[in-house]
Amino acid sequence: MSLMPWNEQLVLGIATIDEQHRCMVDRVNELHAELGQATPNRKAIGDILESLVDHTMNHFIVEEELFKRNGYTESAAHIADRNGFTDKIMTVLDKVQHDGAEVGKDTMAQLKDWLTHHITVADKAYAPFINAKGVH
């Protein structure tokens, strides 16, 4: 069972962003599935976290370019909101890879909650502006 099923509430109508969000949701679900194994594979957990970090960072770069191209004036607030998530996921990855830490239910809940908030609140706030511009 997925921790975070993809659904229409997560769709912004901006193809590139929706595709990136879908990949991020998939990584969170892969991590959840791996952690649900009788004996989770530490290398697989690290690989999934690295992939989530890569997808997230690439997503943020694309968002920033989209904001610049379209003259989105609220970009600073959006960027500040997501920097906390970047710090969180990088800290989790570092602790797993270098300290042997485990990824617990609290961390998974935080990842899910942040990603859900990022898409359904923060990104939905800019989607009408970007969609009205028609320049994706």
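The values are calculated or read from the model by the stated rules, or taken from the named source; none is laboratory data. None of these values were measured; they are calculated from a predicted model. Heads up: the accessible areas ignore ligands, DNA and RNA and are worked out on the full protein's heavy atoms, side chains in. Shrake-Rupley method; radii C 1.70, N 1.55, O 1.52, S 1.80 Å.
Values computed for the structure shown
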read-out: Aspartates and glutamates whose Cα lies under 15 Å from that of LYS88, excluding same-chain neighbours fewer than 8 positions away; value: GLU50, ASP54, GLU102, ASP106, ASP113
read-out: Cα principal axis extents for the stretch 16-79, largest first, Å; value: 49, 17, 16
read-out: Expected 222 nm ellipticity per residue - DSSP helices of 4 or more, -39500 (n - 2.57), all of the chain, to 500; value: -24500 deg cm²/dmol
read-out: Surface per residue (accessible, 1.4 Å probe) for the chain, Å²; value: 54
read-out: Per-bin percent of Cα-Cα distances, the stretch 51-94 [10 Å]; value: 26, 51, 21, 2
read-out: Per residue Cα convex hull volume in Å³ - calculated over the stretch 88-136; value: 75
read-out: Listed residues ARG82, ARG22, ARG69, most fluctuating in the chain (Gaussian network, C-alpha, under 10 Å); value: ARG69
read-out: Spatially proximal lysines relative to LYS133 (Cα-Cα < 28 Å; intrachain offsets below 8 disregarded); value: LYS68, LYS124
read-out: The chain - percent of accessible surface contributed by carbon and sulfur, probe 1.4 Å; value: 53
read-out: Angle in degrees between helix 105-117 and the longest Cα principal axis of the chain, rounded to the nearest 10; value: 10
read-out: Hits among lysines - C-alpha to C-alpha of LYS95 under 25 Å, sequence gap 8 or more where chains match; value: LYS43, LYS105, LYS112
read-out: Radius of gyration and Dmax over the Cα atoms of the chain, both given in Å; value: 15.5, 49
